[in-house]
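Asker: Okay, handing you the structure first.
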There are 2 protein chains.
Amino acid sequence: MRCEIVAVGTELLLGQIVDTNSSWLGEQLTTVGVDSHFQTKVGDNHQRIVSVLRQALDRSDAVLVTGGLGPTQDDITREAIAAVLGVDLVTDEAIAATIATRFAARSRPMPANNLRQAQVPVGCTAVTDPFPGTAPGLVCPVGDKVIYAVPGVPSEMRTIVGAVVLPDLARRAGNRGAIVSRTLRTWGESESGIAEKLAGRIDELDDTGAATIAFLASGIEGIKVRITAKADTIEAAQALLDAEEALARAVIGDHVFGVDDDTMESVVVALLRERDLTLATAESVTGGLISARITNVVGVSPVFRGGIVSYATDVKYDLLDLPAGPVVTAEAAELMALGARRVLDADVGLGITGVAGPSEQENMPVGTVFVGLAVGESVTVDQLRLPGTRSQVRDYATISALDMLRRRLLAS
Amino acid sequence: MRCEIVAVGTELLLGQIVDTNSSWLGEQLTTVGVDSHFQTKVGDNHQRIVSVLRQALDRSDAVLVTGGLGPTQDDITREAIAAVLGVDLVTDEAIAATIATRFAARSRPMPANNLRQAQVPVGCTAVTDPFPGTAPGLVCPVGDKVIYAVPGVPSEMRTIVGAVVLPDLARRAGNRGAIVSRTLRTWGESESGIAEKLAGRIDELDDTGAATIAFLASGIEGIKVRITAKADTIEAAQALLDAEEALARAVIGDHVFGVDDDTMESVVVALLRERDLTLATAESVTGGLISARITNVVGVSPVFRGGIVSYATDVKYDLLDLPAGPVVTAEAAELMALGARRVLDADVGLGITGVAGPSEQENMPVGTVFVGLAVGESVTVDQLRLPGTRSQVRDYATISALDMLRRRLLAS
């Protein structure tokens, strides 16, 4: 079963918007066992959209089009699909009424263009839920093949694909029963290292076919391990998934920091909440990146006291009470952790100092980072040597420090 | 003149990597007046790469392939191009020698695979500068058309495209003389607002053809206005560009914050340096995002003292000396700016408080933000009402505050 992806929009070709939809869709298709051999970007041009759709339908079993479903004259995906199918567009009166009602509710006059969104090629089904009247999606059967059209707005696209397109594709792919998947988020181990640890189990699964394990490198955010299980019922698939997760966790160990939508910072905040501990930070090399990530977590207020970005050296001396002297040292990181905890009246202190570059500092090479953690009576310091540009060193230092804090909280 | 882009790599189809190369290339092609009607992603499969290249060559004047030039068995772009051209691959002895020398210099044995990178389809020219021996690019004339192959690694891709591909495309497009372009970075005005202001000049340029003006919406980072000028000599093109920039700046005004690679934070840091002023921040709603952006600028040390992330309310009272009471107020932002400046011993203080959501706070709705600036004797506060999710409110608040600081520094 093959599904080809077509992203419509001149702004994509001009580089004004990066086409992240196709990447997300490619990842989703793998979860229902559907291959995607080609992904094409095409501009808002009727003839070219038609030619791309015809070719995609010719060489694949399904075509998923994103974009071009809005109300303006540039939005011509509906017309292109009608041309490929050789059918007319008809107005779906229910959708038209919903659109009119929406404008009336806001006491705004409705530009006639907006009714374009109520047009549906004959033989296609409009997907109006969960976005009544707004750029609905289309499901268009073509013989034993199918064209899906979904909005280009990522949030709307994701909802309709999850609710309508993936289940329909799974059914067409002959996936009887249920497919469930879960992603383990890991940090601190390379993709090849994790793959080696799971190689035996992956070989066994290749024989039984009950589940699959895939790796997705996510740059500085670590390696994702996605487990997908199939069974006759959702309960049975879920049980398989739980069992595989347990096996995977047993070999990957505490490199697993979370599942699915967890982030390193959301996990740290959850651990602080569970343990009823408050946190304070003192950052130099990361300049506020750690507190910025922590404070993006909803519900962080009860556990995060605040942070001090002690960028100038004498701020470290004056505000955090470091003794005069070098500041890219293990001792400085330790005193910064203790200073943050004391000045901001927290249970846990995190201090971080280092050299982001481009030049060395205090004769320490670029990429040298010290992370201090003060938890209860215990104060620990770790030294890192991180690769990359200034920006990469700062990002690596940030997630490394958060991971150290996670491990210390788990052990406390 | 049309150039089609083909991105090769199974990891692109699976969504493990987002194809940002094609977007960047699409943007670059517009600077030399070349259209790109189709952009295709295809996996590491010989037959499918060949079919995509054949079709692209058929319907466009030039094809630009990225990726698949590395040393592994998965890297088969060279073979696919040879198949399209109907020619053999031959080893370029100079490149082979360079590769061997590189391994010898590191005293490492060279896997035989690495010599694959020295293979060149007959009739193609290997582009070895400025990356001797590493995944060189290829220029392959096909009748009056051409296939370019460049590495998938963005930094290498960009260098070769800028040095070799764009000049060759410009020459083929009949661009006699020189083309130069410059991007004005703007913030605080909508794309339609800027387009309206420049509409008259764009109409005039449509007639003369000496220069073009294009808009690129860059989300939270504002609207980019790219001016491109053509003339017989580089000096004449540069003079045209300077004249157009002056005209554009005259109508867009101080919404222009920088040019080309400038960022809002790099401009703020440059203004502080010029004025010999130091900065300190006190952040609540943005939680360190402002100091994190400021400290990513190379050379920030002399002007940035540090910041206080006063997340918990009583940290604002204790450390910044705010009186007990509400903290999402204009007065709080003002006192935070003054407190940051005093505690961190800086010339300029920036204080920011607000409600990022998801829930309201102190009866203030989500998106309410106050920014206080203390510069010299003057203290000002601005109130914002920002849209979006928690994360968007924080990002908007960050760049808004940096822009306010920029304007205050310009006026001081």
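The values are calculated or read from the model by the stated rules, or taken from the named source; none is laboratory data. No experiment lies behind these values; they were computed from the predicted model shown. With ideal geometry, Cβ positions are generated from the backbone for all residues, glycine too; neighbour counts draw on all protein chains shown. Remember, those area values only see protein heavy atoms, side chains included, never the ligands or the DNA or RNA. Shrake-Rupley method; radii C 1.70, N 1.55, O 1.52, S 1.80 Å.
Asker: Failed condition for B:G339, given (1) open to solvent by less than 10 Å² (accessible area, probe 1.4 Å); (2) assigned to a strand (DSSP E or B), with all others met?
Answerer: (2)
Asker: While we're on this one: Considering only the stretch B:64-79, state which residues are more than 14 Å from chain A (Cβ to nearest Cβ) and within 25 Å of the chain's Cα centre (by Cα).
Answerer: Passing the criteria: B:V65, B:G68, B:L69.
Asker: Across the stretch A:246-267, what is the total count of residues that are surrounded by 21 or more Cβ atoms within 10 Å (Cβ to Cβ) and within 14 Å of another protein chain (Cβ to nearest Cβ)?
Answerer: The number of residues fulfilling the criteria is 1.
Asker: Something else about it: Tell me the residue from B:D318, B:D395, B:D345 that is open to solvent by 70 Å² or more (accessible area, probe 1.4 Å) and closer than 24 Å to A:S301 by Cβ, please.
Answerer: Going through B:D318, B:D395, B:D345 in turn, just one is open to solvent by 70 Å² or more (accessible area, probe 1.4 Å) and closer than 24 Å to A:S301 by Cβ: B:D318.
Asker: Taking the conditions exactly as written (under 17 Å from A:R116 (Cα atoms) and free of Cβ contacts under 8 Å to residues at least 40 places away in the same chain), does A:A105 satisfy them or not?
Answerer: Considered against the rule, which asks whether it is under 17 Å from A:R116 (Cα atoms) and free of Cβ contacts under 8 Å to residues at least 40 places away in the same chain, A:A105 comes out as no.
Asker: May I ask you to list the residues in the stretch A:80-110 that are assigned to a loop (DSSP other than H, G, I, E, B) and either under 34 Å from the mean Cα position of the chain (by Cα) or of a type outside the set (A, V, I, L, M, F, W, C) (or both)?
Answerer: A:G86, A:D88, A:D92, A:R106, A:S107, A:R108, A:P109
Asker: Here's a check for you: in the stretch B:126-145, which residue that is assigned to a strand (DSSP E or B) and modelled with pLDDT of 90 or more is most open to solvent (accessible area, probe 1.4 Å)?
Answerer: B:P141
Asker: Looking at (1) within 21 Å of B:G162 (Cβ to Cβ); (2) in contact with a helix residue (DSSP H, G or I) (Cβ under 6 Å, 6 or more places away or on another chain); (3) at pLDDT 85 or above, which is the one condition that is false for B:A96?
Answerer: (1)
Yes/no per residue for (1) in contact (Cβ under 8 Å) with a residue 40 or more places away in the chain; (2) under 21 Å from B:A292 (Cα atoms); (3) crowded, with 16+ Cβ neighbours inside 10 Å:
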{"site": "A:L272", "(1), (2), (3)": "yes, no, yes"}
{"site": "A:A280", "(1), (2), (3)": "yes, yes, yes"}
{"site": "A:T286", "(1), (2), (3)": "yes, yes, yes"}
{"site": "A:L289", "(1), (2), (3)": "yes, yes, yes"}
{"site": "A:A292", "(1), (2), (3)": "no, yes, yes"}
{"site": "A:V297", "(1), (2), (3)": "no, yes, yes"}
{"site": "A:P302", "(1), (2), (3)": "no, no, no"}
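Asker: Right, something else. Could you list all residues from the stretch B:116-125 that are open to solvent by 70 Å² or more (accessible area, probe 1.4 Å) and touching a residue at least 24 places away in the same chain (Cβ under 8 Å)?
Answerer: B:V122
Asker: Do we find that B:G357 is within 12 Å of chain A (Cβ to nearest Cβ), at positive phi and open to solvent by 40 Å² or more (accessible area, probe 1.4 Å) in this structure?
Answerer: No: the conditions fail for B:G357.
Asker: Separate question: Could you please give the count of residues in the stretch A:63-84 that are open to solvent by 40 Å² or more (accessible area, probe 1.4 Å), touching a residue at least 40 places away in the same chain (Cβ under 8 Å) and touching a strand residue (DSSP E or B) at 6+ places or on another chain (Cβ under 8 Å)?
Answerer: So the count comes out to 0.
Asker: For the stretch B:196-221, what are the residues that are touching a strand residue (DSSP E or B) at 6+ places or on another chain (Cβ under 9 Å), within 30 Å of B:A397 (Cβ to Cβ) and touching a residue at least 24 places away in the same chain (Cβ under 8 Å)?
Answerer: B:L198, B:A214, B:F215, B:L216, B:A217, B:E221
Asker: Could you check B:M364 against (1) in contact with a Pro (Cβ under 9 Å, 6 or more places away or on another chain); (2) buried (at least 24 other Cβ atoms within 10 Å of the Cβ); (3) of a type outside the set (S, T, N, Q) and say which number it fails?
Answerer: (2)
Asker: A further question on this structure: Looking only at the stretch B:274-300, count every residue that is more than 8 Å from chain A (Cβ to nearest Cβ), outside any loop (DSSP other than H, G, I, E, B), under 15 Å from A:Y311 (Cβ atoms) and not hydrophobic (A, V, I, L, M, F, W, C) and tell me the total.
Answerer: 1
Asker: Of all residues in the stretch A:146-178 being in contact with a strand residue (DSSP E or B) (Cβ under 8 Å, 6 or more places away or on another chain) and among the β-branched types (V, I, T), which is most open to solvent (accessible area, probe 1.4 Å)?
Answerer: A:V164
Asker: Further question: If you take the residues of the stretch B:306-321 that are facing another protein chain (nearest Cβ under 7 Å) and farther than 18 Å from A:Y311 by Cα, which of them is modelled with the lowest pLDDT?
Answerer: B:V315
Asker: Which residue, of B:P151, B:P121, is within 24 Å of B:V84 (Cα to Cα) and in contact with a Ser or Thr (Cβ under 9 Å, 6 or more places away or on another chain)?
Answerer: Selected residue: B:P151, the only one of B:P151, B:P121 that is within 24 Å of B:V84 (Cα to Cα) and in contact with a Ser or Thr (Cβ under 9 Å, 6 or more places away or on another chain).
Asker: Considering each residue of the stretch A:304-331, count those that are assigned to a loop (DSSP other than H, G, I, E, B), touching a residue at least 40 places away in the same chain (Cβ under 8 Å) and under 35 Å from the mean Cα position of the chain (by Cα), and give that number.
Answerer: Counting residues in the stretch A:304-331 that are assigned to a loop (DSSP other than H, G, I, E, B), touching a residue at least 40 places away in the same chain (Cβ under 8 Å) and under 35 Å from the mean Cα position of the chain (by Cα) gives 1.
Asker: Among the residues of the stretch B:371-390, what is the count of those that are more than 30 Å from the chain's Cα centre (by Cα) and outside any strand (DSSP E or B)?
Answerer: The number of residues fulfilling the criteria is 2.
Asker: Related question: Suppose the filter is within 31 Å of the chain's Cα centre (by Cα), within 14 Å of another protein chain (Cβ to nearest Cβ) and farther than 23 Å from B:N114 by Cβ; does B:L57 pass it?
Answerer: no
Asker: Could you check the stretch A:194-221 and list, in sequence order, the residues that are under 18 Å from the mean Cα position of the chain (by Cα) and open to solvent by 40 Å² or more (accessible area, probe 1.4 Å)?
Answerer: A:A217, A:G219, A:I220, A:E221, listed by residue number.
Asker: Another question about this same structure. Inspect the stretch B:222-245 for any residue being within 14 Å of chain A (Cβ to nearest Cβ), in contact (Cβ under 8 Å) with a residue 12 or more places away in the chain, open to solvent by less than 20 Å² (accessible area, probe 1.4 Å) and not in a strand (DSSP E or B) and give the result as yes or no.
Answerer: Looking for residues that are within 14 Å of chain A (Cβ to nearest Cβ), in contact (Cβ under 8 Å) with a residue 12 or more places away in the chain, open to solvent by less than 20 Å² (accessible area, probe 1.4 Å) and not in a strand (DSSP E or B), one finds at least one in the stretch B:222-245, hence yes.
Asker: If the requirement is being on the phi < 0 side of the Ramachandran plot and open to solvent by 20 Å² or more (accessible area, probe 1.4 Å), which of these qualifies: B:L384, B:L405, B:L373, B:L409?
Answerer: B:L384
Asker: Oh, and also: How about the stretch A:85-96: which of its residues are more than 21 Å from A:P141 (Cβ to Cβ) and exposed (fewer than 14 other Cβ atoms within 10 Å of the Cβ)?
Answerer: Result: A:E93, single match.
Asker: State which residue is nearest to the other protein chains (Cβ to nearest Cβ) when the search covers only the stretch B:1-47 and only residues that are more than 30 Å from A:G222 (Cβ to Cβ), acidic (D, E) and open to solvent by 10 Å² or more (accessible area, probe 1.4 Å).
Answerer: B:E27
Asker: Identify the residue in the stretch A:179-193 that is outside any loop (DSSP other than H, G, I, E, B) and either touching a Pro at 6+ places or on another chain (Cβ under 6 Å) or touching a residue at least 60 places away in the same chain (Cβ under 8 Å) (or both) and, among all such residues, is surrounded by the fewest Cβ atoms within 10 Å (Cβ to Cβ).
Answerer: Going through the qualifying residues, I end up with A:R182.
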